[in-house]
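A.B. asks: Questions regarding the structure given below will be posed in turn.
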Amino acid sequence: MDVKILSFNSLMELTPRQRSEKILSLVKKGDLVVFEGRLESEEELNLTTKALESVSGKFTGIEIAYLGAQNKSLIEKVKHSLVKVLSGKSPGLTVVGPSKTIKEIKMDPNNLEIMLK
Amino acid sequence: MSLKKTFFGFFSFFRRKKKLTMGLYGPPNAGKSTLANVFIKQILGEDSELEFSASSLEHETRSVQKVEKLELKKGSKSMDFTLIDTPGIATKIDYEDFVKKGVKKSDAKIRAKEATQGVIESIKWLDNVDAVLIVLDATLNPYSQVNITLIGNLVAKNKKVIIVANKVDLKTANVEKIKLVFPDYPVVGVSAKKEEGIEELHSKIFEEFF
């Protein structure tokens, strides 16, 4: 499995639809995609829908995980918004991969563990 | 205004009524259909022939199911609601997982195809519900991207949410962990199988959705 690390800028210059298509096309090829920041929750759900629409014998869907503050306290939300405004970036890291190769992604707020089949 | 209207208007002030469409959402095998059956049985009575299929095998519910005109009462309040039971939200479906659990290969392929369509249908139905009970298996780690994405979408769509921590009758259930992971949402521990915690859930539904 190849690991494709995408820059935040290369994804953000795309429309949400193009972003999903780009990520999904790489994952369908069998790549593990890693990028800075995270997709909006609507985009994540849209990516899931698109992935499920593509399910066939060879492609069984995706595993997705985000490492970063997910359920933030009010102070963290303010800090997160400030970082986003000042740098134009969403902190954290997202990993998307093919579920045919990835058995499980174990998540906790500070750690991602990718287990391959 | 007629005397009749004034009369009934006066009493309807005290008998407050709410209508809503309430969805049961969550990952596969969390107990959504079992919980839906508890609601139906308690509201329509033990003799009700209406029952959703529930199983220990994942993706037993493969299409959105709807029961209309249910009524919950609490004191002077009553709630008319449509209950939506949905296939479990997942990001992957592999027929080989069903084969490993003893399903024939040909049946497993059909089941996987139906399950995939069911999840897509579930996601589309998010726009049609007013309020959502997110049913989680309290014995499993709640910190999963699917759960987080689902809640994020409900919040973005301004849907009201209660998290139902199901299977509290099992020793490994950990309701506190769910509360810790989702501190901004009300969490109620229940055992749909043993019909425990249901009264508390009814109260929370009135508190949050009414």
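A.B. asks: I'd like the residue in the stretch B:81-98 that is under 16 Å from the mean Cα position of the chain (by Cα) and part of a strand (DSSP E or B) and, out of all such residues, is surrounded by the most Cβ atoms within 10 Å (Cβ to Cβ).
C.D. replies: B:ASP85
A.B. asks: Given the condition more than 14 Å from chain A (Cβ to nearest Cβ), at negative phi and not basic (Lys, Arg), answer yes or no: does some residue in the stretch B:139-146 qualify?
C.D. replies: Yes, the stretch B:139-146 contains a residue that is more than 14 Å from chain A (Cβ to nearest Cβ), at negative phi and not basic (Lys, Arg).
A.B. asks: Further, regarding this structure: I'd like to know if the stretch A:18-32 contains one or more residues that are of a type outside the set (Phe, Trp, Tyr), part of a helix (DSSP H, G or I), touching a Pro at 6+ places or on another chain (Cβ under 6 Å) and at pLDDT 90 or above.
C.D. replies: Yes; the residues of the stretch A:18-32 include at least one that is of a type outside the set (Phe, Trp, Tyr), part of a helix (DSSP H, G or I), touching a Pro at 6+ places or on another chain (Cβ under 6 Å) and at pLDDT 90 or above.
A.B. asks: When you go through B:ALA192, B:ALA115 one by one, which is the residue that is crowded, with 17+ Cβ neighbours inside 10 Å, within 12 Å of another protein chain (Cβ to nearest Cβ) and closer than 21 Å to B:SER55 by Cα?
C.D. replies: On inspection, the qualifying residue turns out to be B:ALA115.
A.B. asks: Same structure again: Can we say B:PRO183 is surrounded by 20 or more Cβ atoms within 10 Å (Cβ to Cβ) and within 12 Å of chain A (Cβ to nearest Cβ)?
C.D. replies: On the way: surrounded by 20 or more Cβ atoms within 10 Å (Cβ to Cβ): no; within 12 Å of chain A (Cβ to nearest Cβ): yes.
Judged against the criteria, B:PRO183 is not a match.
A.B. asks: Can you find even one residue in the stretch A:2-16 that is surrounded by 20 or more Cβ atoms within 10 Å (Cβ to Cβ) and either under 22 Å from B:TRP125 (Cα atoms) or away from every other protein chain (no Cβ under 14 Å) (or both)?
C.D. replies: No, that holds for no residue.
A.B. asks: While we're on this one: Answer yes if at least one residue in the stretch B:119-127 is in a loop (DSSP other than H, G, I, E, B) and either facing chain A (nearest Cβ under 9 Å) or among the hydrophobic types (A, V, I, L, M, F, W, C) (or both), and no otherwise.
C.D. replies: Step one: filter the stretch B:119-127 for residues in a loop (DSSP other than H, G, I, E, B), giving none.
For the stretch B:119-127, residues in a loop (DSSP other than H, G, I, E, B) and either facing chain A (nearest Cβ under 9 Å) or among the hydrophobic types (A, V, I, L, M, F, W, C) (or both): absent.
A.B. asks: In this structure, is B:ALA108 more than 10 Å from chain A (Cβ to nearest Cβ) and modelled with pLDDT of 95 or more?
C.D. replies: Values: more than 10 Å from chain A (Cβ to nearest Cβ): yes; modelled with pLDDT of 95 or more: no.
When the stated conditions are applied, B:ALA108 does not pass them.
A.B. asks: If you go through the stretch A:19-48, how many residues are free of Cβ contacts under 8 Å to residues at least 40 places away in the same chain and more than 14 Å from the chain's Cα centre (by Cα)?
C.D. replies: Here the count works out to 1.
A.B. asks: Turning to a different aspect of this structure: Please work out which one of (1) touching a helix residue (DSSP H, G or I) at 6+ places or on another chain (Cβ under 8 Å); (2) in a strand (DSSP E or B) is the condition B:SER78 fails and give its number.
C.D. replies: Looking at each condition in turn, B:SER78 falls short on (1).
A.B. asks: Considering B:LYS101, B:LYS109, B:LYS124, which residue is surrounded by fewer than 21 Cβ atoms within 10 Å (Cβ to Cβ) and touching a residue at least 40 places away in the same chain (Cβ under 8 Å)?
C.D. replies: Result of the check over B:LYS101, B:LYS109, B:LYS124: B:LYS101.
A.B. asks: Can I ask one more? Consider the stretch B:147-172. How many of its residues are under 18 Å from A:GLU44 (Cβ atoms), of a type in the set (A, V, I, L, M) and within 12 Å of another protein chain (Cβ to nearest Cβ)?
C.D. replies: 6
A.B. asks: Quick test for you: out of B:VAL135, B:VAL103, pick the one residue that is within 22 Å of B:PRO183 (Cβ to Cβ), more than 14 Å from chain A (Cβ to nearest Cβ) and not hydroxyl-bearing (Ser, Thr, Tyr).
C.D. replies: B:VAL135
The values are calculated or read from the model by the stated rules, or taken from the named source; none is laboratory data. Note that the structure is a prediction, hence the values are computed from the model and not measured. Positions of Cβ are backbone-derived with ideal geometry, glycine not excepted, and every protein chain shown enters the neighbour counts.
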